[in-house]
Amino acid sequence: MIERVRNSWTISLPVLGLIALVATWQRDLPAVVVVIVSLILFGCVLAAVHHAEVVAHRVGEPFGSLVLAVAVTVIEVALIITLMISGGEETETLARDTVFAAVMITCNGIVGIALLLGSIRHNLPRFNPEGTGAALGVVITLTTITLVLPTFTTSLSGPRFTPAQLAFFAVAALLLYGAFVYTQTGRHRDFFLPVSAAGRTIDEEVHAGPPSLTATYISLGTLVVALVAVVGLAKAVSPAIESGVAAAGIPNSFVGVVIALLVLLPEGLAAAKAARANRMQTSLNLAFGSAMASIGLTIPAIAFATIWITGPLSLGLGPVQLVLFLLTVAVSILTVIPGRATRLQGAVHLIIFATFIFTAISP
């Protein structure tokens, strides 16, 4: 079922990505080279998706979704920190913009695409509202305590935490994410398994043979290589992204949206594939799991990085972002309650996502 990973493009592309990374590191790239590097970067993302799926199939759900979510978050954290170190005060809102974009992309873009594709192909695909609702609750809580509260705290002027507040909420986010992972992989694991048309959970591990241990180790090692290549190449093309955003007259905050779109591409592709295979629960695990990882791991990492990163760190959301977040919360709750996916639900989430992209370009 899982194709052999030896001597395939999924091996060669990450290696090519490392070669390109070494060749382009800390250099000004002409436009043609930027295009070539971007194509290699996209190929490395696809390779990362493949190898994450191999590892995921070996460990089974919901561990598989967790593997890809954490892997993608590693990319996000590395990109944010490297850009903040090199960007100075101009990047004080980069973490906020990127993390909030990740929440909107996962909870509206990825969820919307999965709901739409799944309902078109399978009419009313089912998922477990208990597990999905628990995941959504954690996403809402994490977003509120890390991105909403800074707008309203009064210890510092502006949408910022004091060092003590940042430390507290970073630890709180990490503990909450850890509690969810413990729940998802422990006693209530069945809440996050795919659901049949009759509403029964399906343990996929008993229906499909997992890849060999050798193939799994090869994919795990290549996944690490692919992620390193993605982080490095994305850093290499980031000046071109920033220049393009500035030339188009788009606010600099849109750079965070571009970063989030890039790093969440593997999740989007994997979730769409799962939805078409009538595994809606897996798609939602990927979407909400990525949102949780983006906040529960990124914010603590950024908080720790502030020890040596100079300059202010603004995390509080603006008025437009707050409205879109509240709308996302309300619609997501209504989506999760029935435990069934419809085309209308998918369309609503995608319209919210399109609104987010448009307002990020034209605030």
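The values are calculated or read from the model by the stated rules, or taken from the named source; none is laboratory data. These numbers come from a predicted model, not from an experiment. Here Cβ is always computed from backbone atoms with ideal geometry, including for glycine, and neighbour counts include all displayed protein chains.
For the stretch 313-342, which positions are within 21 Å of A102 (Cβ to Cβ) and either at pLDDT below 90 or not in a helix (DSSP H, G or I) (or both)?
Residues satisfying the conditions are L313, S314, L315, G316, L317, G318.
Do we find a residue being under 21 Å from A287 (Cα atoms), in contact with a Phe, Trp or Tyr (Cβ under 9 Å, 6 or more places away or on another chain), at pLDDT below 95 and assigned to a loop (DSSP other than H, G, I, E, B) anywhere in the stretch 188-199?
The answer is yes, given that some residue of the stretch 188-199 is under 21 Å from A287 (Cα atoms), in contact with a Phe, Trp or Tyr (Cβ under 9 Å, 6 or more places away or on another chain), at pLDDT below 95 and assigned to a loop (DSSP other than H, G, I, E, B).
Which of (1) within 30 Å of L136 (Cα to Cα); (2) at pLDDT 80 or above is the odd one out, the single condition L233 does not satisfy?
Exception for L233: condition (1).
With the requirement that a residue be of a type in the set (G, A, S) and either touching a strand residue (DSSP E or B) at 6+ places or on another chain (Cβ under 7 Å) or surrounded by fewer than 21 Cβ atoms within 10 Å (Cβ to Cβ) (or both), what does the stretch 114-136 give you?
G133, A134
If you take the residues of the stretch 1-29 that are surrounded by fewer than 20 Cβ atoms within 10 Å (Cβ to Cβ) and hydroxyl-bearing (S, T, Y), which of them is modelled with the highest pLDDT?
Out of the qualifying residues, it is S12.
Looking only at the stretch 281-291, decide whether some residue is over 22 Å from T151 (Cα atoms) and in contact with a strand residue (DSSP E or B) (Cβ under 7 Å, 6 or more places away or on another chain).
Yes.
Return the residues of the stretch 137-185 that are in a loop (DSSP other than H, G, I, E, B) and aliphatic (A, V, I, L, M); say none if nothing qualifies.
Passing the criteria: only L156.
So that you can scan it fast, the table gives a plain yes or no per residue for (1) under 27 Å from Q184 (Cβ atoms); (2) touching a residue at least 24 places away in the same chain (Cβ under 8 Å):
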{"site": "S294", "(1), (2)": "yes, yes"}
{"site": "G316", "(1), (2)": "no, yes"}
{"site": "P319", "(1), (2)": "no, no"}
{"site": "A330", "(1), (2)": "yes, no"}
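Return the residues of the stretch 137-187 that are closer than 21 Å to I105 by Cα, surrounded by 19 or more Cβ atoms within 10 Å (Cβ to Cβ) and polar (S, T, N, Q); say none if nothing qualifies.
Answer for the stretch 137-187, where residues must be closer than 21 Å to I105 by Cα, surrounded by 19 or more Cβ atoms within 10 Å (Cβ to Cβ) and polar (S, T, N, Q): T143, T146.
Any idea which of (1) closer than 21 Å to N285 by Cβ; (2) in contact (Cβ under 8 Å) with a residue 40 or more places away in the chain is the one G137 doesn't satisfy?
The number of the failed condition is (2).
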